[in-house]
1. Explain nothing, just compute: Karplus ³J(HN,Hα) = 6.51 cos²θ - 1.76 cosθ + 1.60, θ = phi - 60°, for every residue of the range 20-28 in order, whole Hz, x for Gly and Pro.
2. Got a sec? What order do F65, F47 fall in by accessible area at 1.4 Å, biggest, i.e. largest, first?
3. Karplus couplings for the range 50-55 from phi (6.51 cos²θ - 1.76 cosθ + 1.60, θ = phi - 60°), rounded to Hz, Gly and Pro as x?
Amino acid sequence: IIIVDEIEKVSNADKILVYPNPTSDYIHIKGITCGTTISIYSSDGRFIQSEIVKSDETIINIASFKAGIYYIKAGKEGKVVIKH
């Protein structure tokens, strides 16, 4: 997993969980604050979908995604974290 913060180091980046990995139906994301936008991109940079975090755990249905590598970008207030 690669974590990139374009603004400053993310002190709680280790607390962001994305699981299970690999998966073919749902991903669970924990450790991102409410109101943060989560965007999913394909490995070639195409935008796939986005959601706003509404609770301490976000579950995203990815059953319709083709097999491959996807990047999850979470951003709020000028901070960006990207996980794959």
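1. x, 9, x, 8, 9, 10, 10, 10, 10
2. Details: F65 40, F47 115 Å².
Ranking F65, F47 by accessible area, largest first, yields F47, F65.
3. Per residue, the Karplus-derived 3J(HN,Hα) values read 9, 8, 9, 5, 10, 8 Hz.
The values are calculated or read from the model by the stated rules, or taken from the named source; none is laboratory data. Since we're looking at a predicted model, the values are computed, not measured. Each accessible area value is taken on the protein alone, full model and side chains, heavy atoms only, with ligands, DNA and RNA left out. Shrake-Rupley method; radii C 1.70, N 1.55, O 1.52, S 1.80 Å.
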